[in-house]
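Heads up, the thing below is written out as structure tokens.
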Amino acid sequence: MRHQPERIGLVLDDGGWVEIDTLIAAAAAHGFRFTREELDHVVATNDKRRFATEGTRIRASQGHSVDVDLGLAAAVPPSYLYHGTVARHLDAIRVEGLRAMDRHDVHLSADRETATRVGARRGRPVVLAVDTAAMHRDGHVFHLSANGVWLTKHVPPRYVRLPAPH
């Protein structure tokens, strides 16, 4: 649902929502069968709370590479947020800051532990601190997704602390 939903015939609405019955039928038509009960279990137990349901609809909470408007209100971030990465990206981050890449936003975590897990998906993690208080004062906008991920369009390099101070 976050990436190429059209590959299985899904059309998300502007907010990223799709009818659950439509999702189940589209997945089954492409050889991936599951029941509503199994889907509800995944939504309820996913450690990242990656999906949200509303009545008969479901959507991903954040992380889309397709155009959606999650309708999130601007939020005031804590003084520092964290970003997990790997050492091979540090030179580019020093020059360009943190970029959304193929996503809509840069994803930031409220704690080092989560950022460490995110960075570890691609190798030995490096945790960066982001001076979000200064960014906010300077006019950068932040949103908080339904699953607790902080989102912003770009983090210029002047706000990134390499690696995160303890």
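The values are calculated or read from the model by the stated rules, or taken from the named source; none is laboratory data. The structure displayed is predicted, hence computed values, not measured ones. Glycine also receives a Cβ, built like all others from the backbone with ideal geometry; neighbour counts cover every protein chain displayed.
Here are the numbers for the structure shown:
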read-out	value
Subset of the range 17-51 [of a type in the set (Gly, Ala, Ser), surrounded by 12 or more Cβ atoms within 10 Å (Cβ to Cβ) and touching a helix residue (DSSP H, G or I) at 6+ places or on another chain (Cβ under 9 Å)]	26, 27
Number of the condition not met by residue 107 [criteria: (1) part of a strand (DSSP E or B); (2) over 13 Å from the mean Cα position of the chain (by Cα)]	(2)
From the options 106, 118, 95, 76, residue that is on the phi < 0 side of the Ramachandran plot, in contact with a Lys or Arg (Cβ under 8 Å, 6 or more places away or on another chain) and of a type in the set (A, V, I, L, M)	106
Filter pass, residue 97 being at pLDDT below 95 and not assigned by TED's automatic domain parsing to the domain that holds residue 53	no
